[in-house]
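See structure below.
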Amino acid sequence: MATIGGPVPVESLVETALRDPDQDGTARWQAIAALHERGDLETFTAARRLCGGPTTAERMLGVDILGQLGFVDRSLPILRFMAASEDDPTVLHSVLIAFGHLRDRRALPSAISLSEHPDAGVRYGAAYALPNIMGDRPDPAGMAALRRLAADPDDDVADWACLGVALVSGAAGSLAAGGEVQDVRGQILDP
């Protein structure tokens, strides 16, 4: 998404993303990808501002930008604050997905706390985040939360958590049928 004169301005990309009414819409995610590609302080500043915005769409966009922008040490405190203070389940879901993308163990207390949220979408986000932030030596509290999610009444949450338990416990590192895939974690998380 660049023009002949250079990259598209940050504010223009933000406006494009906000105009797409579908949170999974192509225009929205193309704009977010262009913002991730910029990877600059101007983009971080715009995302940080959006995280404090008055609308769900703004806050979710800010989180979705921060989740894959880089700037982990600057982004994580913002996201952890939102995990503790945000009321909207769709924004909390995005926060947890961002934690998973950032792969930083410092997000673990927030993800564990949100794993007990009443909204299935938030718990799904926790099931995604936990295996990505527990580290090489899985945190016992994180594993307990992931195992609890594996028994969740929501099938999508339980399925993702079961996969997470397998990935974290190393069970997925064994040979698959016929020996075709030796590293399921690598195949799933880094296709």
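No value in this document is a laboratory result; all are computed from the given coordinates. Bear in mind the structure is a predicted one, so any value in this text is a computation, not a measurement. All Cβ positions, even for glycine, are placed from backbone atoms using ideal geometry, and neighbour counts span all protein chains on display.
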Quiz prompt | Cα extents of the stretch 61-124 along the three principal axes, largest first (Å) | solution = 31, 23, 18
Quiz item: So what's the back-of-envelope 222 nm ellipticity for the chain, counting only DSSP H runs of four-plus at -39500 (n - 2.57) apiece and dividing by all residues, rounded to 500?
Solution: -20000 deg cm²/dmol
Quiz prompt | FRET efficiency for Leu41 and Ala84, using Cβ-Cβ distance with R0 set to 25 Å, rounded to 0.05 | solution = 0.50
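How much of the calculated P(r) for the stretch 1-50 lies past 12 Å, in percent of all Cα pairs?
60 percent
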Quiz item: Taking the alpha-carbon set of the chain, what are its Rg and Dmax in Å?
Solution: 17.4, 54
